[in-house]
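Here's the structure we're looking at; comments come further down.
The values are calculated or read from the model by the stated rules, or taken from the named source; none is laboratory data. Predicted, not measured: the structure shown is a model, and the values here were computed from it. Here the Cβ positions follow ideal geometry from the backbone for every residue, glycine too, while neighbour counts run over all protein chains shown. Ligands, DNA and RNA are excluded from the accessible area calculation, which covers all protein heavy atoms including side chains. Shrake-Rupley method; radii C 1.70, N 1.55, O 1.52, S 1.80 Å.
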Amino acid sequence: MRKKIVAGNWKMNMHDIDVIQYLKELDELSSTIPTDVEVVVFPPAIYLDMVTNLTDYELKSGAQDCSANENGAYTGEISASMLASMDNEEETKRLTYCLVGHSERRQYHNEMNELLASKVNQLLASKLMPVYCCGESKEERESNNQEKVVKSQITKGLFHLPKEKFSNVVIAYEPVWAIGTGLTATSEQAQEMHAYIRSLIEEQYDVETANSTSILYGGSCKPSNAKELFAQPDIDGGLIGGASLKPDSFIEITKAFN
Ligand code: PGA
């Protein structure tokens, strides 16, 4: 009943020539992608147009970030409505998502939960779906504070939303200590956190909302560990960094659901 999603976060990688090659390879492999999996890529914003328009495959796309403001004197920023206006197709809309609060934004740009709540509001007002990232640091896990940290991130960033709006949110649980480090959460650790997040949603809204929210795992997810992770009852897919930069390994991950 929940959407299965495999999403690639390209971060600040690739140039236009690489993007063209990537999309060509993805098109060639696309017939092997299971039809019940939604595949999304988050390229640097200047390549969104290419990613959204250059594949025959129904690839979904999203931005890696957006402004917390509607418009105005915010040099370097891109608003949610600008992103939304890049793809106005009603039926075949591809640019549908935006990451919010990736740990690299939290860490290097001091993005706090309150600011992220404004980004979420901007995106939903422009009919884009936030993929809200949360996750604890190594120190927070070592001091057994992972639930407390994630609860605070989700409560402050998302739980101001009424139920109808929350139903357009996807959550990505990404333990910071697993991102780009080669260390993956064990499937038990990941499942435990996903179930916990789902219980928070149930407490805040209701069981139906909790059961229909897609919660993705991120942090060194790759073809060799995706199967075990995706087999967990509360893991609905992945947000993939490094392993999404090559179409073959990325597409391999789309086949990891049972
Ligand atoms: P990684 O990145 O797969 O390279 O660990 C995941 C992410 O940052 O979203």
Scan region 202-248 for residues that are surrounded by fewer than 17 Cβ atoms within 10 Å (Cβ to Cβ) and of a type in the set (Gly, Ala, Ser) and jot them down. 212, 224, 231
Determine which member of the set 244, 212, 224 is among the polar types (S, T, N, Q) and touching a Gly at 6+ places or on another chain (Cβ under 6 Å). 244
Output the residues belonging to region 165-177 that are in contact with an Asp or Glu (Cβ under 7 Å, 6 or more places away or on another chain) and either more than 11 Å from the ligand (Cβ to nearest atom) or open to solvent by 30 Å² or more (accessible area, probe 1.4 Å) (or both). 176
Taking region 212-231, which residues are more than 15 Å from the ligand (Cβ to nearest atom), more than 23 Å from residue 101 (Cβ to Cβ) and not basic (Lys, Arg)? 228, 231
With the condition kept exactly as written, say whether any residue in region 9-29 is farther than 17 Å from residue 96 by Cβ, touching a Gly at 6+ places or on another chain (Cβ under 8 Å) and not acidic (Asp, Glu). yes
In region 190-212, which residues are more than 21 Å from residue 178 (Cβ to Cβ) and either free of Cβ contacts under 8 Å to residues at least 12 places away in the same chain or polar (S, T, N, Q) (or both)? 199, 202, 203, 204, 207, 208, 209, 211, 212
Of those in region 150-184 that are among the aliphatic types (A, V, I, L, M) and touching a Ser or Thr at 6+ places or on another chain (Cβ under 8 Å), the residue farthest from residue 209 (Cα to Cα) is 183
Looking at this structure, is residue 155 of a type in the set (S, T, N, Q), more than 23 Å from residue 38 (Cβ to Cβ) and in a helix (DSSP H, G or I)? yes
Return a yes/no flag: does region 46-68 have any residue that is within 16 Å of the ligand (Cβ to nearest atom), within 28 Å of residue 212 (Cα to Cα) and among the β-branched types (Val, Ile, Thr). no
Answer yes or no: is there a residue in region 178-192 that is more than 16 Å from the ligand (Cβ to nearest atom), crowded, with 18+ Cβ neighbours inside 10 Å and part of a helix (DSSP H, G or I). yes
